[in-house]
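Below you'll find the structure, written out as structure tokens, and then a few comments.
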Amino acid sequence: MNARERLIVALDVPSVAVADKMVTQLGDSVLFYKIGYQLAFAGGLPFAETLIRAGKRVFLDLKLHDIGNTVARGVESVAKLGATFLTVHAYPQTMHAAVEARHGSGLRILGVTVLTSYDDADLAAAGYDFTVAELVAERAAQARDIGMDGLVCSAGEAERLRSIVSEGMVLVTPGIRPAGADRDDQKRIMTPAAAVAAGADYLVVGRPVIEASDPKQAAEAIVAEIAAATR
Ligand code: C5P
């Protein structure tokens, strides 16, 4: 995989018009886009199909979680869209249903172990008798055993998770900030080079690219940093 294929730009924008403008501006610099709740619920799903027809890859960050049958039917529809990655919460029933339903398509299912906004106290308040570290490790092992395609994790978790999951599973890491960039609301950040060194396969970057004064140049700088780190 070359460096450019490893960069996923998060299209965290309010409308298809804004997203389309950004994609045009980024041109050949970016091959892979992530669409989350904000854009998905504002016309982002037909836009995902447009991107795919134009040769881009799409990560639908929809974090599905429901009864198995509902998850499976949803995954089948996402597979028909031609998306490359889809997130589900890493609960065993949900992961089983998603993995089975994506069979025969190019869609890969990524598990969200524990949301990064949760700490141990939040888990206790939600009724769990686990620390975040314990639950992340447990769910990563379950994801591996169920045959999931990968996990979303912070770059700081990547090294530990790599020792739990098989080589065939991809680790996709947000919270990436080039040296000197604004950290925004991210608490645990890593530079692109450090994330790659920690074992991340794909890096998700939002604001450092889409809010840059020159987004294309910002994306190119990240691709160059990934390339240098993997040389
Ligand atoms: O703008 P920024 O680079 O912080 O965007 C990171 C993207 O990754 C956002 O779309 C955010 O929702 C997503 N994300 C994250 N942390 C997670 C999971 C997803 O920042 N644990």
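The values are calculated or read from the model by the stated rules, or taken from the named source; none is laboratory data. Every value quoted in this text rests on a predicted model; they were computed, and no experiment measured them. Here Cβ is always computed from backbone atoms with ideal geometry, including for glycine, and neighbour counts include all displayed protein chains. To get the accessible areas, we keep the full protein, side chains included, count just its heavy atoms, and leave off ligands, DNA and RNA. Shrake-Rupley method; radii C 1.70, N 1.55, O 1.52, S 1.80 Å.
Per-structure values
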item: Where a residue in segment 182-202 is free of Cβ contacts under 8 Å to residues at least 12 places away in the same chain and closer than 23 Å to A3 by Cα and its partner, wherever it lies, is open to solvent by less than 20 Å² (accessible area, probe 1.4 Å) and within 12 Å of the ligand (Cβ to nearest atom), with Cβ under 8 Å and at least six apart; result: R183/R177
item: Some residue of segment 135-155 being touching a residue at least 12 places away in the same chain (Cβ under 8 Å), acidic (D, E) and open to solvent by 30 Å² or more (accessible area, probe 1.4 Å); result: no
item: Test: residue in segment 108-121 that is under 16 Å from the mean Cα position of the chain (by Cα) and basic (K, R); result: yes
item: Yes/no for A227 being in a loop (DSSP other than H, G, I, E, B) and either in contact with a helix residue (DSSP H, G or I) (Cβ under 7 Å, 6 or more places away or on another chain) or open to solvent by less than 20 Å² (accessible area, probe 1.4 Å) (or both); result: no
item: Output for segment 198-224, where each listed residue is open to solvent by less than 60 Å² (accessible area, probe 1.4 Å) and of a type in the set (G, A, S); result: A198, G199, A200, G206, A212, A218, A219, A221, A224
